[in-house]
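Novice: There's a structure below that I have some questions on.
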Amino acid sequence: MSEMRRVTAICNGTVIDHIPSGRAIQVIRMLRVDTNRSNPVSLVMNVPSDKMGRKDVLKIEDLELSQEELDRLALISPQASVAIIRNYGVAEKRVVELNEELLNVARCTFWNCITQNKMEPLPQKLRVVSRDPIEVRCYYCGRGQNMEEIIENIL
């Protein structure tokens, strides 16, 4: 039996597939998608996936993710696949890659880190010390970063 399509096709925009189940809301927050805007945002959570068991899928009309947004997405969903849709077809596939260093992606969450000092402007630099599970530390103070707090400190 073929699976019924749960969300309609979009004309132009971005489809983010293979988001870990239950994480799509975090992705929306991290990408700063304005859910009050007039453009539709479709969210399907906890759907069956051969690759992951369960997954979330996001369709955002009239938005094409930039490289900076892909870098942010990699923090929550490094295995995500991103398709740019133009005129109802896949125009591009973009790669989500979690780099060893994240430069100006998110601010260190430690209140006393040198990066919080406005008098010493330093680039925001985080190091990925583990990929599974994802563990991120500040390059300057060495503090481990809480993923929930990182989402709130996205640049």
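We did not get these values from a lab; they are worked out from the coordinates using the rules stated. Values in this document were obtained by computation on a predicted structure and should not be read as measured data. As a convention, Cβ positions derive from the backbone with ideal geometry for all residues, glycine included, and neighbour counts pool all protein chains shown.
Novice: Run lengths n ≥ 4 of DSSP H only: what is the helix-derived mean residue ellipticity at 222 nm for the chain, with -39500 (n - 2.57) per run over all residues, to the nearest 500?
Specialist: On the way: 3 runs with 23 residues, N = 155.
Calculated at 222 nm, the ellipticity per residue is -4000 deg cm²/dmol.
Novice: Let me ask something else about it. Roughly how tilted is helix 67-76, in degrees to the nearest 10 and between 0 and 90, from the longest Cα axis of the chain?
Specialist: Long axis of 67-76 versus the principal axis of the chain: about 90 degrees.
Novice: Also: Around LEU102, under 15 Å between beta carbons, what's the net of Lys plus Arg minus Asp minus Glu among the other residues?
Specialist: Details: positive: ARG72, ARG107, LYS125, ARG127, ARG131, ARG137, ARG143; negative: GLU68, GLU69, ASP71, GLU97, GLU100, GLU101, GLU135, GLU149.
With Lys, Arg at +1 and Asp, Glu at -1, the net is -1.
Novice: Let me ask something else about it. Scan (i) 17.6; (ii) 16.1; (iii) 16.6 for the value of Kirkwood radius over Cα pairs in Å calculated from this model and give just the label.
Specialist: Computed from the coordinates, Kirkwood radius over Cα pairs in Å corresponds to (iii).
Novice: Kindly point out, ordered by number, any Cys in the chain whose beta-carbon has no other cysteine beta-carbon under 4.7 Å away.
Specialist: By the Cβ distance rule, which asks for a partner under 4.7 Å, the isolated cysteines are CYS11.
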